[in-house]
Amino acid sequence: MSKNRRRNRTQDPSPAILPDDAVIQVAPAHNNGDAETVQAAVAVPANDVNMTGSDSLTLRSLVNALTLEVFVYGVIVIIAFLLRVVNLDTRPLAPAEAQTALAAWNFLSGKTAEPFASPLLFTLDWISFFLFGASDLTARFIPAALSTLLVLMPPLTRNALGKTGALVAALLIAFSPTLVFFARNLSAVDLAVGAALATLLFYWRFRYSDKPRSLYLAAFFAAVALTADSPAYPILITGALFFLITALLEKRGAPEQTENRAPASTNVLTHPYLRAAVVFGATYLVLATTFLLNRDGLGVAFNLFGAWLNEFAAFGNFTTPLTWMLLYEPLTLVFGLAGLVLALTLSSSEGALVSLMRMLALVALVTFLVYTLAGDKTPSIVIAVALPMMLLAGWFIGNLLERGVHDIRATGGWRSMRAGEILVFVMLMVLSALVYLQIVTFIQQTHFSPALDAVMQLFSRDAASASIVFAALTLGVIVFFLLGVFVGLSVMLVGVARTTTLMAFFILVLLALGTLRGVWQLNFSNVEPLREVLAGAQTPLQMRDLVRDLEWNSQWQNGDEHVIRIAADSSLDAAARWALRTFPNIQWTNQIDRVTDAQAVITSAGSPPPGNWRGQKYHIGVEWEPVAFSGLDLWKWYIYREGGGEAWETTTLWLPTSE
């Protein structure tokens, strides 16, 4: 088998997820001359281990379990959690977020629930409001915190991904710009996709370990996925077809293997699939109906499948998923595609673990094709493509790094690396920094630095009419020449194989830096509006100014911040209704001019209601669109997030001039 197909050398041929009763036995370390100390971890069934009193759960056993790998995963989980919850209420709830939050708040308050799109989000918000009260922070907190658990998905497939691959995949999930964004913006798509993938992983474990507990967990996560959001459907359908075809092929190829399985129970009530159906039904019912309190949630949950089918009512915009991946997940796209191709080309004879990687590859490929064809789709569907590809990317990068380490040890050791790869890598990074600075200079001033401008004149006789085509041609020629020099130098120093690994690692580092930049721009920028193609309609901060001004006037007129009598235009969206939920004496009407006893009027009309009023305008909604992007404008947006079109929604607060 070629080097680029070699899996982690430390993995054993057991299923990708250890059996439920498996115990890890660590063989004693041995020092073999200059070789590094290696500890072999072997999974054996619990009934083959002498279970004495010393094997019980004690403080000593817990301390021994805290390996460096466990510590690293703990750090990754903490970082992922902080990225998802720090400054979670910086921006007010957008209209799409406010719709679910308002529905949960009204239901908890005994009012008629507003329409909502996700039963799972409705239930989570209901729990959060019941425990902590209603606010922008509490509306987003529980879904954001739960999305942190996605980081634990790679350890579930550690034997298939390899130790290094699982760690890399966990890092990709933790720092994913899109996963962090939708986790911070009250979206159920990350929970739906994560739960759907967990369903497939646990069912795969059940097939190879035959332990019912894995089947029950698969049923639980399937119910979570199907009450969260519609992108769960293409993942679960693809996984179901994969398992069906795999089972038929295995049955045709080796029917005698069924003799090794435990005999089926004669009691129908104890059959694992029946119990799993009960787990699924109970979980689905509880989450969809908010603990049996809201039966309308069942209809909403059933409609998720129809919502997914409605996305195919029209076809078009075929490149949208690819565009979103290129803009926000280039690292996952590049290395995920490499992992996808590798997984699909591996032979089944190379081990049972290959089937798990092949399943992930098929899920990623099918979801990408499905949402490429769908004409009516939202930006959140990028998660359905990105998350399985992150596992594939982690697997490929892990194999790449392990192969690089093996090649270095086999051809000169770490001393040759200091004199070879490190030198060339530093030069490549310096070249990248210089190219980036020249691009920024050209975008700001429409010309390069004087030295590079002189080179550009070789391609454009008229230097005054700087063209992005000639600029790109100039940079391309220089970069291509210097890159050829550096690659040739690396080949002379360390050989072709190590140079190939070095270039892949260089690309990995550049894309990783771009990912960190994307996390910051997409999730922690203070610019208003947020100029991102993933962001839909937004609620400006002036919405909070409107609420504060109402509270101040209510205190001044009535001695209480919330008892002021308000007449509000019924055309205002869910974000406005959510922001004004704390005012009990608010009347929503489309006939503002007929309201006679209001102490404040909120209307989108430019003229005041009858009487003596003074008004103040507020921005309460904004939507950014990437329009008129061409040439330098596109690069200005990509580097600085400038440009595009903004559509603002304005309302006016009218207060009486005198009582």
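The values are calculated or read from the model by the stated rules, or taken from the named source; none is laboratory data. As the structure is a computational prediction, the values presented were derived from the model and not from experiment. Positions of Cβ are backbone-derived with ideal geometry, glycine not excepted, and every protein chain shown enters the neighbour counts.
When 125, 89 are checked against the criterion of being modelled with pLDDT under 95 and assigned by TED's automatic domain parsing to the domain that holds residue 179, 89 stands alone in meeting it. Scanning segment 625-637 for residues that are exposed (fewer than 14 other Cβ atoms within 10 Å of the Cβ) and either free of Cβ contacts under 8 Å to residues at least 60 places away in the same chain or of a type in the set (D, E, K, R) (or both) gives 625, 627, 628, 630. Considering segment 612-659, the residues that are within 30 Å of residue 565 (Cβ to Cβ) and polar (S, T, N, Q) include one that is modelled with the lowest pLDDT, namely 658.
The lone criterion from (1) buried (at least 19 other Cβ atoms within 10 Å of the Cβ); (2) over 25 Å from the mean Cα position of the chain (by Cα); (3) hydroxyl-bearing (Ser, Thr, Tyr) left unmet by residue 367 is number (2).
From 167, 179, 171, 200, which residue is of a type in the set (A, V, I, L, M), crowded, with 19+ Cβ neighbours inside 10 Å and within 30 Å of residue 101 (Cβ to Cβ)?
Numbers: 167 fails: within 30 Å of residue 101 (Cβ to Cβ); 171 fails: within 30 Å of residue 101 (Cβ to Cβ); 200 fails: within 30 Å of residue 101 (Cβ to Cβ).
From the options 167, 179, 171, 200, the qualifying one is 179.
Applying the condition of being modelled with pLDDT of 90 or more and among the β-branched types (Val, Ile, Thr) to segment 575-600 and asking which residue is nearest to the chain's Cα centre (by Cα) yields 582. Going residue by residue through segment 584-606, is there one that turns out to be in contact (Cβ under 8 Å) with a residue 60 or more places away in the chain and of a type outside the set (S, T, N, Q)? No - not one qualifying residue is present in segment 584-606. Just a yes or no: is a residue in segment 211-227 at pLDDT 95 or above, in the same structural domain as residue 148 (by TED's automatic domain parsing) and assigned to a loop (DSSP other than H, G, I, E, B)? Yes, segment 211-227 has at least one match.
Among the numbered conditions (1) over 30 Å from residue 445 (Cβ atoms); (2) of a type outside the set (Val, Ile, Thr); (3) surrounded by 14 or more Cβ atoms within 10 Å (Cβ to Cβ); (4) within 41 Å of the chain's Cα centre (by Cα), the only one that residue 565 does not meet is (4). For residue 306, the conditions (1) buried (at least 16 other Cβ atoms within 10 Å of the Cβ); (2) part of a helix (DSSP H, G or I) are fulfilled apart from (1). In the set 134, 145, only one residue is closer than 30 Å to residue 361 by Cα and either in contact (Cβ under 8 Å) with a residue 40 or more places away in the chain or in a loop (DSSP other than H, G, I, E, B) (or both); that residue is 145. A Cβ distance below 8 Å, combined with a sequence gap of six or more or placement on separate chains, defines the contacts here; from segment 500-523, residues that are part of a helix (DSSP H, G or I) reach residues that are of a type in the set (Lys, Arg) and at pLDDT below 95 in the pairs 501/403; 521/641.
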